[in-house]
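The values are calculated or read from the model by the stated rules, or taken from the named source; none is laboratory data. This structure is a prediction, so every number in the text was calculated from the model and none was measured. Note that each Cβ is placed from the backbone with ideal geometry, even for glycine, and that neighbours are counted across all protein chains shown. The area values use the complete protein model at the heavy-atom level, side chains included, leaving out ligands, DNA and RNA. Shrake-Rupley method; radii C 1.70, N 1.55, O 1.52, S 1.80 Å.
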Amino acid sequence: KDLDRWAALAPTVPLAQAVGPSQLIAEAADVIRRSDNVTGLNEVLQSAVMANKIAEVIRSEGMPLTLCMLAAKHRRVDCLQRLLRELPAQETVSDALEDGCTALHLAAYSGSAGCVNLLLDAGADTSLVNRYAETPADCAA
């Protein structure tokens with residue numbers, strides 16, 4: 001009888017609610033690392049929305065790189081654009097790694113003019129200096 005009751009309840013609980021933010025972040029990061037696949041990223045973000053965990057996923061809480069940083073590092077212009085639309089830009093573009101690098105530093109290092117432009121349009125701070133005494137502009141040189 002207990003199995004029948006659980007089977008009846010299973011369809012009413014969305015799978016996304018059973019998944020934690022760290023798993024959703026890992027799935028989104030995997031999509032970004034593989035390619036500039038906005039469709040795949042949208043699927044993960046939709047799961048995060050359904051689970052009411054979108055803010056945690058976009059901020060990538062507990063992870064060394066935010067998803068925006070990861071997209072900038074891997075030159076994923078379309079994915080970065082999609083991520084920036086999800087939350088107010090200041091919440092996603094001002095985060096820095098332990099060495100002081102931001103998504104803008106990583107985009108500049110990678111040579112992605114598209115990512116740099118998106119981050120600048122989103123209000124990324126161009127004056128932040130990393131531990132190597134580099135601004136994002138220095139990283140592009």
From the option list Ser47, Ser35, single residue qualifying as polar (S, T, N, Q), over 29 Å from Ala137 (Cβ atoms), at pLDDT 85 or above and out of contact with any His (no Cβ under 7 Å at 6 or more places or on another chain) is Ser47
Subset of the range 127-141, residues farther than 18 Å from Leu65 by Cβ, open to solvent by 50 Å² or more (accessible area, probe 1.4 Å) and out of contact with any helix residue (DSSP H, G or I) (no Cβ under 6 Å at 6 or more places or on another chain), comes to Ser127, Val129, Ala133, Ala137, Asp138, Ala141
Somewhere in the range 99-113, is a residue among the charged types (D, E, K, R) and either under 13 Å from the mean Cα position of the chain (by Cα) or closer than 21 Å to Asp30 by Cβ (or both)?
no
Residue within the range 5-16 that is modelled with pLDDT under 90, touching a Ser or Thr at 6+ places or on another chain (Cβ under 6 Å), closer than 30 Å to Glu134 by Cα and not hydroxyl-bearing (Ser, Thr, Tyr) present:
no
Only one of Leu106, Leu119 that is in a helix (DSSP H, G or I), of a type outside the set (Val, Ile, Thr) and open to solvent by less than 10 Å² (accessible area, probe 1.4 Å)
Leu119
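Listed here are the residues, each with its yes/no results for (1) of a type in the set (Asp, Glu); (2) in contact (Cβ under 8 Å) with a residue 24 or more places away in the chain.
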{"residue": "Gly62", "(1), (2)": "no, yes"}
{"residue": "Leu65", "(1), (2)": "no, yes"}
{"residue": "Arg75", "(1), (2)": "no, yes"}
{"residue": "Leu97", "(1), (2)": "no, yes"}
{"residue": "Ala113", "(1), (2)": "no, no"}
{"residue": "Asp121", "(1), (2)": "yes, no"}
{"residue": "Ser127", "(1), (2)": "no, no"}
{"residue": "Asn130", "(1), (2)": "no, yes"}
{"residue": "Ala137", "(1), (2)": "no, yes"}
Top-ranked residue in the range 61-90 [being open to solvent by less than 70 Å² (accessible area, probe 1.4 Å) and modelled with pLDDT under 85; ranked as farthest from Leu24 (Cα to Cα)]:
Ala89
